[in-house]
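K.L.:
Starting off with a structure, shown below.
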Amino acid sequence: MSDTEPRLNLTYRPRRLRRTDAIRRLVRETEVRVNDLIHPLFVIDGDGAEEPIDSMPGQSRFTIKGLVDECLKLRDLGIPGVGLFPKLDSSLKTACGKEALNPETLVLRAVRAVKAAAPELAIITDVALDPYTSHGHDGVLTEDGQDVANDATVEILCDMAKLNAEAGADFVAPSDMMDGRIGAIRSALDDSGMTNTAIMAYSAKFNSAYYGPFRDAVGSAKAAGTNLLGKHTYQCDPANRRAAVIETELDEMEGTDVLMVKPAGAYLDIIRELRNRTSLPVAAYQVSGEYSQIHAAAKLGWLDYQRTRDESLLAIKRAGADMILTYFAKEIAAE
Ligand code: PBG
């Protein structure tokens, strides 16, 4: 520094710790690890080719055989878990979603196949009726057809959870947001001797527009005939933080093993709030819309793909998530 350069008389200069790459690495507080990542995957029946999902660049629906190959790759990349989501032929969808309780339904065959081929992977299955209902809702409807029936849905979810557990799921993940389902599912699993199957509760799942591409992927929007399927009476209101906290407290009291916040990026305050309140592991689901918007902006040349992707995940980790469900998992692990 020359004598002529101005010099403030400062005791604290935080920039000292950002001066070199080595120093920045030493003081870095957060790192996304491959061990934190869960890859959501879509599965279809048949033995054709994989089906690319238009609204989710880089993601496909796999047949069971393709799914197994993909899972072996993910395992070899060190990813600890996968979440499986079936897309059913529309001929199998009914108002009451009864295909969900078929002991040979697609997702159960997929779980068995993945478990047999890659027993090291943790398998997480979604427990909700939306892939199975003709209206696309997560449960069965009330008699007047105006709402989703809570208690009748919970009964079905318990049977669904048992089937998933028997097939080999390590976690069942109720994503339906019915009241009382965690306690009911825990009892149902325990009564059937499946005390080791864990529950990852979609506890603070918001009624979000960010699920749009996922609904294309599993066909739940098409089934409902609209992309605007409203789940206001069961999913959390995006405006409400305290209501979301109550949901997570109930799930914890009812015996969940892991709490989840979903979506992730627009709900970092909720992730942080939970991290400060609970000793349970907190999962965050970076959902389809979060993934697709980064791809779309990058395609337009408006955002740098890799940096935006990495920053989005870092922010979720920094907010307090222990594990992240993300469609970016494979490519991150591969880099
Ligand atoms: C269904 C379910 C949804 C997602 C996971 N499980 C969508 C919904 O509630 O309509 C969304 C995941 C994503 O957008 O990536 N119960």
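The values are calculated or read from the model by the stated rules, or taken from the named source; none is laboratory data. Note that this is a predicted model, so its numbers are computed, not measured. Because the Cβ atoms are built from the backbone with ideal geometry, glycine has one as well, and the counts that use them run over all protein chains shown. The area values use the complete protein model at the heavy-atom level, side chains included, leaving out ligands, DNA and RNA. Shrake-Rupley method; radii C 1.70, N 1.55, O 1.52, S 1.80 Å.
K.L.:
Within segment 117-151, work out how many residues are of a type outside the set (S, T, N, Q) and open to solvent by 50 Å² or more (accessible area, probe 1.4 Å).
P.N.:
Counting residues in segment 117-151 that are of a type outside the set (S, T, N, Q) and open to solvent by 50 Å² or more (accessible area, probe 1.4 Å) gives 7.
K.L.:
Can you tell me which residue within segment 273-290, out of those that are under 26 Å from Val218 (Cβ atoms) and polar (S, T, N, Q), is nearest to the ligand (Cβ to nearest atom)?
P.N.:
My answer is Ser288.
Yes/no matrix, rows are residues, columns are (1) within 13 Å of the ligand (Cβ to nearest atom); (2) not charged (D, E, K, R):
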position	(1), (2)
Ser208	yes, yes
Val218	yes, yes
Thr248	no, yes
Met253	no, yes
Asp257	no, no
Ile271	no, yes
Ser292	yes, yes
Gly301	no, yes
Asp304	no, no
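K.L.:
Let me ask you something else. Name the helices (runs of 4 or more DSSP H) wholly inside segment 210-312 in which the number of residues that are within 20 Å of Pro131 (Cβ to Cβ) is 3 or more. Please lay out each step first, then the result.
P.N.:
Details: elements: 212-218, 220-224, 241-253, 268-277, 288-299.
Fully inside segment 210-312 and qualifying: 212-218, 220-224, 288-299.
K.L.:
One residue is enough: does segment 50-65 have a residue meeting the conditions surrounded by fewer than 24 Cβ atoms within 10 Å (Cβ to Cβ), without any contact (Cβ under 8 Å) to a residue 40 or more places away in the chain, part of a loop (DSSP other than H, G, I, E, B) and in contact with a Lys or Arg (Cβ under 7 Å, 6 or more places away or on another chain)?
P.N.:
Looking for residues that are surrounded by fewer than 24 Cβ atoms within 10 Å (Cβ to Cβ), without any contact (Cβ under 8 Å) to a residue 40 or more places away in the chain, part of a loop (DSSP other than H, G, I, E, B) and in contact with a Lys or Arg (Cβ under 7 Å, 6 or more places away or on another chain), one finds at least one in segment 50-65, hence yes.
K.L.:
Could you tell me whether any residue of segment 185-198 is within 29 Å of Asn35 (Cα to Cα), buried (at least 24 other Cβ atoms within 10 Å of the Cβ) and modelled with pLDDT of 95 or more?
P.N.:
Scanning segment 185-198, I find at least one residue that is within 29 Å of Asn35 (Cα to Cα), buried (at least 24 other Cβ atoms within 10 Å of the Cβ) and modelled with pLDDT of 95 or more, so the answer is yes.
K.L.:
Give segment 178-204 a look and list any residue that's within 16 Å of the ligand (Cβ to nearest atom) and either free of Cβ contacts under 8 Å to residues at least 60 places away in the same chain or out of contact with any Lys or Arg (no Cβ under 6 Å at 6 or more places or on another chain) (or both), or say none.
P.N.:
Hits for segment 178-204 are Met178, Asp179, Arg181, Ile182, Ile185, Ile199, Met200, Ala201, Ser203, Ala204.
K.L.:
Could I ask something else about it? Within segment 291-327, restricting attention to residues that are of a type in the set (D, E, K, R) and over 21 Å from Glu70 (Cβ atoms), which residue is least open to solvent (accessible area, probe 1.4 Å)?
P.N.:
Here the answer is Lys317.
K.L.:
Counting only residues that are part of a helix (DSSP H, G or I) and in contact with a Ser or Thr (Cβ under 6 Å, 6 or more places away or on another chain), which one in segment 170-204 is farthest from Pro119 (Cα to Cα)?
P.N.:
Only one residue tops the list, namely Ile182.
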